[in-house]
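Readers should treat all values here as calculations from the given coordinates under stated rules, not as data from a laboratory. It should be emphasised that the depicted structure is a prediction, and the values quoted were computed from it without experimental measurement. Note that each Cβ is placed from the backbone with ideal geometry, even for glycine, and that neighbours are counted across all protein chains shown.
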Amino acid sequence: MPADQLHEHWDVYNRQLQRLGDQLRADPVTPGHYHLVVNAFLFNRHHQVLLQQRAENKLNFPGYWDTSSGGAVRAGETIETAIQREMAEELGFHHPVTPADNYRVTPHSHWISAWFVFQTDWAASDFTVQTAELQRVRYYDLPDAFTRLHQVGFDDYHVELQAAWDHLQHGKKPTA
C-alpha cells in the first residue's frame, strides 16, 4: 500500500502563484495549473547535509535518497507552515521557519517547488524517522550527497543542493 496520502487536498495556483482553487491529490493537475511542493536541506556544523532514504512503498522513487525533508503543500498552508509540518512529521524536527529560510521558488511542468535551508546541531540519531515514508536518514559530505541525489535523476537536486549551501554560507540568493 502506498505511503502517499492521495485523499489530501491541494491548493492549485497559476504560474504567478495566484490561488485558483483546490483539488484532490489523486486527481491530475489541469494544464496551466500548479500545486506547491516544499523541500529542505539540513546541514550540520561539519558541513554535511542530511539526506533521507525514501520508503519502498512510496509512489515516486521508492528507496532512493532524497532531500532532508519535503512534500506537498496542503490546502490552506503556506510554504513556511508546510515545510515546518513536513520536518516535524518526517524527522521529529521542530524548527522555526521564516521567509528568509526560503532561497528559491522553481516552476516545473505541473508543480512549483519552494526550497529551504537550515542549520542544526542534531546528530542523525537525534531525528525521529517516520517509517511510513522513510527508511532512514544520514549525513553526507557534499560530494557524496551529490552522488546520492544523482541516483534520483533530477538534475535540479544538484543545483538546489549547491544553491542551499551557497545561501547558508554567504546568504546570497541564487539566480533562477
Discussion item. Let me check against my output: what whole-number percent is the relative contact order of segment 9-170, with C-alpha pairs under 8 Å and at least 6 apart?
Written reply: 27
Worksheet item: How do Val117, Val29 line up, fewest other C-beta atoms within 10 Å first?
Response: Val29, Val117
Fill in: Neighbour-count ranking [beta-carbon atoms within 10 angstrom, fewest first] of Trp165, Trp115
Trp165, Trp115
Practice prompt. List the residues of segment 37-60 whose backbone N lies under 17 Å from a point placed 7 Å from the Cα of Thr147 along the Cα-to-Cβ direction.
Written response: 48-53
Discussion item. Counting just the Cα atoms, what span does segment 41-86 cover along each of its three principal axes? Round to the nearest Å and put the largest first.
Written reply: 36, 29, 10
Worksheet item: What ranking do Trp122, Trp10 get, fewest neighbouring Cβ atoms within 10 angstrom at the top?
Response: Trp122, Trp10
Discussion item. As a test of the formula, what do you get for the chain when each DSSP H run with n ≥ 4 contributes -39,500 (n - 2.57) and the sum is divided by the residue count, at 222 nm and rounded to the nearest 500 deg cm²/dmol?
Written reply: -7000 deg cm²/dmol
Fill in: Percent of alpha-carbon pairs separated by more than 21 Å within the chain
47
